[in-house]
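The values are calculated or read from the model by the stated rules, or taken from the named source; none is laboratory data. Model, not experiment: these values are computed from the prediction. Note: ideal-geometry Cβ built from the backbone for every residue, glycine included; neighbour counts use all protein chains shown.
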Amino acid sequence: MPRSPAEFADRVVAWFAGAARPLPWRAADVSPWAVLVSEFMLQQTQVARVQPKWEEWMLRWPTPADLAGVPPSEAVRAWDRLGYPRRALWLHRAATEIVERHGGEVPDDLDALLALQGIGPYTARAVAAFAFGARHPVVDTNTRRVLARVVDGRAQAAPPSAARDLAAMSAVLPADPAAARAFNAGAMELGATVCAARLPRCDACPVADLCAWRAAGYPAHHGPKRRTQARFEGSDRQLRGRIMRELRGSHRPVARDELAPLDADAARLDRVLGTLVADGLAVASDDGYALPS
DNA sequence: GTCCCGACGC
DNA sequence: GCGTCCGGAC
């Protein structure tokens, strides 16, 4: 446990002021919509891959109404290979909801944000805090790891639990909204760039002398093992990705027979096509499969 | 091969 | 609480 929560927060805030990467969605003049789009893209995708795609989207669809005004196929196509293309569909749906429910303005209210498609506990608070300056605990996996180490003295965070994670962050969150905002962003940045999962760089850490894990001699994690990631090669996810790539590349329906070479197992191909249709990422017609228009 | 790490649906 | 969902960097 650090000497005091205030000291922990102050150090992170001061460190972040000098160490923050100059990411474009952190610029002072970006819109709430720009922040929201960045958070959608960052949900599962590394910063380096997101950045050029975010620039492209902001030029093309600078407001929610701009995105809501085009068919979802445009969003899915422009999502390109960012992965998890349901996010493109959900972002398009969220834009439509923002136009319909909120007059085209991204809401600043947490519950209104949570009600939008594709926005969960993390993204809602990230938008409220980073776009609007509201004082909410924002907890992603980096922050969970930082708190586990600095505060709890454990190598790894316990499995995510929204209620427990938000309470833990609230306990160390500065009272001042601007400081809270910087601490939220700084804790994530610290976890992403210094307090890394595998190779923490404690020599560069602004709170190394406050860190309970370091003080305890870096005890190894003993507890439930992380679930090992399912194999990607040969997975449904890989096949879905390959099918989506074909659909993105075609401006007319793609016949099932044209997709058959993607997988030798006809039954599996049909089952996976079914999941894409169920997700709304593909539409079936007599001519084959296409992106949702 | 391993890691990345949020939302959703059950 | 637990399984599913991409694709690229390492």
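Are there any pairs with C-beta distances below 7 angstrom linking a residue in the range A:228-256 that is within 18 Å of A:VAL283 (Cα to Cα) to a residue that is loosely packed, with under 12 Cβ neighbours inside 10 Å, with the two at least 6 apart or on different chains, and if so which? Cβ pairs passing all conditions: A:PRO253/A:SER285; A:PRO253/A:ASP287; A:ALA255/A:ASP287. The set of residues from the range A:1-33 being crowded, with 16+ Cβ neighbours inside 10 Å and over 16 Å from A:ALA187 (Cα atoms) comprises A:TRP25, A:VAL30, A:SER31, A:PRO32, A:TRP33. Can you say whether A:ARG198 is part of a loop (DSSP other than H, G, I, E, B) and among the charged types (D, E, K, R), as far as the supplied structure shows? For A:ARG198, the condition - part of a loop (DSSP other than H, G, I, E, B) and among the charged types (D, E, K, R) - is met. A Cβ distance below 7 Å, combined with a sequence gap of six or more or placement on separate chains, defines the contacts here; from the range A:35-55, residues that are at negative phi reach residues that are near DNA strand B (Cβ under 8 Å from one of its atoms) and not in a helix (DSSP H, G or I) in the pairs A:PHE40/A:GLY118; A:GLN44/A:TYR84. For A:ALA167, the requirement of being part of a helix (DSSP H, G or I), over 15 Å from A:ARG145 (Cβ atoms) and of a type in the set (A, V, I, L, M, F, W, C) is met. The number of residues in the range A:134-154 being aliphatic (A, V, I, L, M) and within 12 Å of DNA strand B (Cβ to nearest atom) comes to 3.
You will find that of A:TRP79, A:TRP33, A:TRP90, A:TRP54, the residue that is modelled with pLDDT of 95 or more and out of contact with any helix residue (DSSP H, G or I) (no Cβ under 6 Å at 6 or more places or on another chain) is A:TRP90 and no other.
Taking (1) surrounded by 13 or more Cβ atoms within 10 Å (Cβ to Cβ); (2) under 24 Å from A:ASP80 (Cα atoms) in turn, A:ALA215 satisfies each apart from (2). Looking only at the range A:101-110, decide whether some residue is within 13 Å of DNA strand B (Cβ to nearest atom), in contact with a helix residue (DSSP H, G or I) (Cβ under 7 Å, 6 or more places away or on another chain) and at pLDDT 95 or above. Among the residues of the range A:101-110, at least one is within 13 Å of DNA strand B (Cβ to nearest atom), in contact with a helix residue (DSSP H, G or I) (Cβ under 7 Å, 6 or more places away or on another chain) and at pLDDT 95 or above, which makes the answer yes.
So in the range A:37-77, with the set limited to residues that are aliphatic (A, V, I, L, M) and farther than 22 Å from A:ALA128 by Cβ, which one is farthest from the chain's Cα centre (by Cα)? The extreme case among them is A:VAL70.
Out of curiosity, is A:PRO253 over 23 Å from the mean Cα position of the chain (by Cα) and either surrounded by fewer than 14 Cβ atoms within 10 Å (Cβ to Cβ) or within 16 Å of DNA strand B (Cβ to nearest atom) (or both)? So that I can check it myself, show each step before the final result.
Details: over 23 Å from the mean Cα position of the chain (by Cα): yes; either surrounded by fewer than 14 Cβ atoms within 10 Å (Cβ to Cβ) or within 16 Å of DNA strand B (Cβ to nearest atom) (or both): no.
No, not satisfied.
Between A:VAL272, A:VAL277, the distinction of being in contact with a strand residue (DSSP E or B) (Cβ under 6 Å, 6 or more places away or on another chain), in a helix (DSSP H, G or I) and either free of Cβ contacts under 8 Å to residues at least 24 places away in the same chain or not assigned by TED's automatic domain parsing to the domain that holds A:ARG93 (or both) belongs to A:VAL277 only. Has the range A:71-80 got any residue that is within 15 Å of DNA strand B (Cβ to nearest atom) and among the charged types (D, E, K, R)? The answer is no; no qualifying residue exists. Kindly provide the set of residues from the range A:155-177 that are away from DNA strand B (no atom under 13 Å from the Cβ), touching a residue at least 60 places away in the same chain (Cβ under 8 Å) and crowded, with 18+ Cβ neighbours inside 10 Å, ordered by number. A:VAL172, A:LEU173, A:PRO174, listed by residue number. The residue of the range A:87-113 that is nearest to DNA strand C (Cβ to nearest atom), among those that are exposed (fewer than 15 other Cβ atoms within 10 Å of the Cβ) and assigned to a helix (DSSP H, G or I), is A:ASP111.
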